[in-house]
1. Let me make sure I get this right: for segment 58-146, a, b and c are the square roots of the gyration tensor eigenvalues over alpha carbons, sorted descending. Under 1.5 in a/c it's rounded, otherwise prolate if a/b > b/c, else oblate. Which is it?
2. In nm, what is the difference between 0.36 nm times the number of residues separating residue 178 and residue 345 and their Cα-Cα distance?
3. Calculate, in nm to one decimal, what residue 264 and residue 277 gain on full extension: separation in residues at 0.36 nm each, minus their alpha carbon distance.
4. Could you pull out every residue, at least 5 positions away or on a different chain, whose amide H is within less than 5 Å of the one on residue 259? Hs are placed 1.01 Å off N in the peptide plane, and Pro or chain starts have none.
5. Cα gyration tensor of segment 258-315, axes a ≥ b ≥ c as square roots of the eigenvalues: rounded (a/c below 1.5), prolate (a/b > b/c) or oblate?
6. With r as the distance between the Cβ atoms of residue 77 and residue 412 and R0 = 22 Å, compute the FRET efficiency 1/(1 + (r/R0)^6) and round to 0.05.
7. Using θ = phi - 60° and the Karplus relation 6.51 cos²θ - 1.76 cosθ + 1.60, list the HN-Hα couplings for segment 200-210 in order, rounded to whole Hz, with x at every Gly or Pro.
8. If you stretched the chain out fully between residue 151 and residue 124, how much longer would it get, using 0.36 nm times the residue separation minus the C-alpha to C-alpha distance?
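The values are calculated or read from the model by the stated rules, or taken from the named source; none is laboratory data. Quantities reported herein were computed from a predicted structural model and do not represent experimental measurements. Ideal geometry is used to build each Cβ from the backbone, glycine not excepted, and the neighbour counts take in all protein chains shown. Just the protein is used for accessible areas: all its heavy atoms, side chains included, with ligands, DNA and RNA removed. Shrake-Rupley method; radii C 1.70, N 1.55, O 1.52, S 1.80 Å.
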Amino acid sequence: MLEQEKVKEEDPVFLEDPSELKESFDSSSSSLAPERKASWQTIGLLIIGDVVGTGILALGNAYRLLGLIPSIILTLFFCPVNVYCGVLMQEIFIYAPDSRSYPMMAKNAFGSKIVTIIVKILYYSAIVFICGQYTQVIASALQGLLINVHICFWAFVLTSVVLLIPLAQVRTLNDSKELQLVNTVSITLVVVISVCYMWAHMDTTIEERQNKTYAEDADFQEPVMFRNDATFADVASALGTLTFAYTGNIIYPEMLAEMKDPKDFHKAFYIAAPYQVIAYLTAATTQYMYGWSGKINTAIPIVNPLYGAAMFLLLAHVLCAYLIKGTILARIVHESIFPTTVNDRGCKGTTHWLGVTIMVALFSAFISISIPDFNLLVDMIADIQFAPLGIILPPLMLLCVRHAAERETSALEYAWIATIEVIGVFLLFGGTSVSIMQAISDLQGTAFSC
């Protein structure tokens, strides 16, 4: 029997000349890297599938906290922020093509072991929390479909694990491209059904709407243009939610690493950015004007047949959406435990992958049961992990790489970066303090409850 070679992660390669990108890819010998087959169209679908669904579900609460006008302005503002951070991560990747994960990109840009360790902690915890959030939404969709089945929420969470495991056997992001098309179509139909229902009943009074039976306890509220009584906690929570709705860039390095031509990455936003803006504004403004403060799909009364259709489509969407970060997390765990079989499609590698995906799904279930408040979970992810990873660090990594490559940055871009950094710092410190206090209260109350 041949002795297996020990696989170890190589240090990132820094290219002084970006024209060397293809040659660097062609000469790469890392057995841990995924196959590079993804087109920019596939990446566009992955970006939409990764953030849009859970973003839309949480936006109604953000609009309620701020009022209509500030919410619309911020919804429009955070789109170019996301596109900019995505494009600059493409620029970083072109100079450091071995940066196939966010921690590797940070290591290459900053060259600091301490910073890399901090980034790894934030990155791994963010992926874990988001997988927990997906599991929570799947369980909620199951609970909505089986509205007359009265069992504990954790039972629905465990049922979601059973549904996820067969789908989670895809081994790379590109392997799930067909499912991501299903993902995008499903969440689009959820928005269309919910928005059409609300517009059809927009002429009813608040009292008439409140007299119906809904799957979620959420009070109807009269819409206002500005919330004059918004507190610091309200502003921090709303900003965190709006940031979370766009920020998928913590996994952009993984997407770039699977692309046939990473220089086409920016084209993915031709698909993703317009879709996000249109979907968010259409869904959130309609929901807010209707007065519903819960998740958009639960604005339909449970006796209406459209409610069941929306729940089924939401279930299909989130099952597919989980595969994006779920696959990334599974590959991280697989590389750590069984590095020699991470790309093995044979019996041994498949068995290892099955065990890893079961472990990841069960841990995601634990997170979703521990923090059952959906909006709180969104705020925690946005403030604690996405603020530094998605907003603060990408521009700083770009500046470090440009300095090393002796490239200049314009004064206008410095001003734009400074604006982004101020928002990121506010979310990191202000939003995190609010989220942690609420999480402590939540753990003392509804965590693990039936």
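1. Verdict is oblate for segment 58-146.
2. Full extension from residue 178 to residue 345 adds 58.2 nm.
3. Between residue 264 and residue 277, full extension yields 2.5 nm more.
4. Here 38 satisfy the definition.
5. oblate
6. Numbers: r = 17 Å, r/R0 = 0.76.
Given R0 = 22 Å and the Cβ-Cβ separation, E is 0.85.
7. Values, residue by residue: 5, 10, 5, 7, 7, 7, 4, 5, 5, 5, 5 Hz.
8. Extra length available between residue 151 and residue 124 comes to 6.5 nm.
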